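The values are calculated or read from the model by the stated rules, or taken from the named source; none is laboratory data. Values in this document were obtained by computation on a predicted structure and should not be read as measured data. Here the Cβ positions follow ideal geometry from the backbone for every residue, glycine too, while neighbour counts run over all protein chains shown. For accessibility, only protein heavy atoms count, side chains too; no ligands or nucleic acids. Shrake-Rupley method; radii C 1.70, N 1.55, O 1.52, S 1.80 Å.
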Amino acid sequence: MITHKYDIVVIGSGPAGATVSRFAARAGLSVLLVDKKQELGAPIQCSGAVSRHALEEVGLPLAEEYILEPIYGFAIYDQAGKAKKIDYRRLKGEVYGPGPDRKPLGYVVDRRRFDRYCMMLAERAGVETWLKTEGLGYTPAADGSCTVQLRRYNQLLEVRCRVVVGADGLMSQVGKWAGLQTHIKITELAGCLQFIVDRVETDGLLEIITGHEWAPGGYAWVFPKGNGYAEIGLGVISTMTEHSAQWHLDKFMRQSFFKDRFAAARILEVQGGGVPLAAPLRTQYADNLILVGDAARHVNPITGGGIHTALSGGKIAADFLVKHLQGAEREDCSAGALAGYQSAWLAALGDKMWKLYHAKTAVFHQEDIPTRDAYLFKTMSDYFDPNSEYKKI
Amino acid sequence: MSKPPVIFSIGWNACINCGACVAICPQEAGFISPFDTIAVDRPCDIACLLCEQICPVDTIDHVVAPPPETALT
Ligand SMILES: Cc1cc2nc3c(=O)[nH]c(=O)nc-3n(C[C@H](O)[C@H](O)[C@H](O)COP(=O)(O)OP(=O)(O)OC[C@H]3O[C@@H](n4cnc5c(N)ncnc54)[C@H](O)[C@@H]3O)c2cc1C
Ligand code: SF4
Ligand code: SF4
């Protein structure tokens, strides 16, 4: 039995889903946002590094509620520990810094608090939000709308809408509902593990450690985590090693050039996840359905960062849906009618992401390990360079 | 010859509920457990074992699924 009707139903309240919902509701669409979790963002599967620009671009207030620590730049290390530091406090001290008239380049956020904050803003914009509600499937109907099957506190129910937005993250099932090709290659999904630790010093920089020795196919990182804590993590491509990410993280902490720095580390939290170092999906829409965020593989293939792309992709999706569902062709929500979403996304973000994907592929096609390591170090250093063409991704 | 179906067991004590196994899995929609891992309550007939390969804490194991019981006639 159909109990509710909306213009759009959004599956998943991460940064992508909450942003689509907020902008759509603000423009007058009726929106249901569902998430299967009881506490958004938990268990944490993210390091939480995001640029200030990415937050401001989608109108997110820079709130203490979710910010753990400001970030002022990067340090990229090669396998032996030689660093290239890009510290905006030195490069552009008049703009960036901790002082009153200065600002940070970005932040490390607490994803539990951040995701809750994004959902709260959506809620205040008029979105109906249901936690403990899992999307199970959808069925396009003859009249051009569709029904969505949900399970909410063990109860099965059906709601009707015009468009379903799949914002259900890396484990996305929504694309599969529509038969879209969503599969990630094993050579392009990094298995990641990270520890929040006490007694490791940091200095306001995101530190990125390259080298096959430490993180085959990926990289290791040390991020400031607020309250004097740090985060140490890494991601590996499983076809490039015999061992698990856990084994590599243990080795990195005990044997790398940072072993003295890490010697007193005490682990406070254990987290992990998968990061697609992949291309965006070739088709991100179907009848009555679009995908956004990790579900559409909107992830930066060089850094694995996906918060910025989830937020800005969410806004692009909302802008498209508002225009379409308030326009003359609103009765038509077939795949063909929704294809414009993908074109808009490609023009704004996607074409650059495809370029990054090709840059990343060029690195990992190098068979010789030292050559590949040198290439990765250079690619990462260029990427974070103040003059990089990708600065805003 | 295609691989025999397998049934998975997950060492829940080590599992960090990260969903990487689900993300890599080519099964049809819904082959998941309530803990954001691949399903453990029914056999997998694809048996590519990518889920075991990706797991960051190496906590997935499998046995070959017993053949379905044939009805006695
Ligand atoms: C170890 C690690 C470190 C990372 N570090 C960074 C970083 O430092 N910076 C950065 O920018 N990115 C980072 N990322 C990537 C980033 O976490 C993701 O790109 C980002 O979370 C994607 O947002 P999203 O909204 O698309 O999906 P998600 O944040 O994954 O949200 C999806 C939501 O959908 C819900 N959901 C799923 N299925 C259903 C269903 N059937 N019904 C209802 N709800 C459902 C989930 O509960 C979840 O709340 C990292 C990832 C990992 C694994
Ligand atoms: S063996 Fe392959 S298809 Fe089966 S659950 Fe694991 S990843 Fe999925
Ligand atoms: S990949 Fe491993 S740790 Fe992650 S959810 Fe699956 S079984 Fe658990």
Would you check the accessible area of residue A:365, probe 1.4 Å, heavy atoms only, in square angstrom rounded to 10? 130
Where does the Debye-calculated log10 I(q)/I(0) of chain B sit at q = 0.25 Å⁻¹, using only Cα point scatterers of equal weight, no solvent? -1.19
For chain A, what is the accessible area per residue in Å², given a 1.4 Å probe and the full set of protein chains? 41
Springs between alpha-carbon atoms under 10 Å, Gaussian network over chain A: tell me which of A:86, A:369, A:237 tops the mean-square fluctuations. A:369
Relative contact order for chain B: what is it in percent, counting Cα pairs under 8 Å that are at least 6 residues apart? 46
Sorted from largest down, give the three principal axis spans of the alpha carbons of segment A:84-157, whole angstrom values. 60, 28, 26
Need one number: nm distance between label points at residue A:242 and residue A:358, each 7 Å from Cα along Cα→Cβ, rounded to one decimal. 3.8
Evaluate the Kirkwood expression for the hydrodynamic radius of chain A, namely the inverse of the mean inverse distance over all pairs of different C-alpha atoms, and round to one decimal in Å. 21.6
Just flag the chymotrypsin sites (Phe, Trp or Tyr not before Pro) in segment A:112-182 sitting in loop per DSSP whose Cβ has no more than 11 other Cβ atoms within 10 Å. A:153
Restricting to Cα pairs under 8 Å and 6 or more apart, the percent relative contact order of chain A works out to 20
Acute angle (nearest 10 degrees) that the helix A:15-26 long axis makes with the longest principal axis of chain A, alpha-carbon atoms: 40
Expressed in nanometres to one decimal, the distance between label points 7 Å along Cα→Cβ at residue A:328 and residue A:80 is 6.7
Rounded to the nearest 100 Å², what's the accessible area chains A and B bury against each other, both chains counted, probe 1.4 Å? 1900
What share of the DSSP beta bridges in chain A is antiparallel, in percent to the nearest 5? 70
What spacing in nm lies between the two simple spin-label points modelled at residue A:265 and residue A:201, each 7 Å away from Cα in the Cβ direction? 1.7
I need the calculated FRET efficiency for the pair residue A:95 and residue B:35, taking r as the beta carbon distance and R₀ as 30 Å, to the nearest 0.05. 0.05
The percentage of Cα-Cα pairs in segment A:319-380 separated by more than 14 Å is 67
What's the longest bit of chain A with no exposed GluC sites (Glu not before Pro), using DSSP loop states and at most 15 other Cβ atoms within 10 Å as the test? A:95-200
Dividing the helical contributions, -39500 (n - 2.57) per DSSP H run of n ≥ 4, by the residues of chain A yields a 222 nm value, nearest 500 deg cm²/dmol, of -8500 deg cm²/dmol
Test item: Cα-centred dipole of the protein assembly as shown, Lys/Arg +1 and Asp/Glu -1 on Cβ, debye: 800
What percentage of the solvent-accessible surface of chain A, computed with a 1.4 Å probe over protein heavy atoms, is contributed by carbon and sulfur atoms? 49
Let me check against my output: what whole-number percent is the relative contact order of segment A:1-132, with C-alpha pairs under 8 Å and at least 6 apart? 37
Where does each of A:136, A:32 land when they are ordered by accessible area, with a 1.4 Å probe and the largest first? A:136, A:32
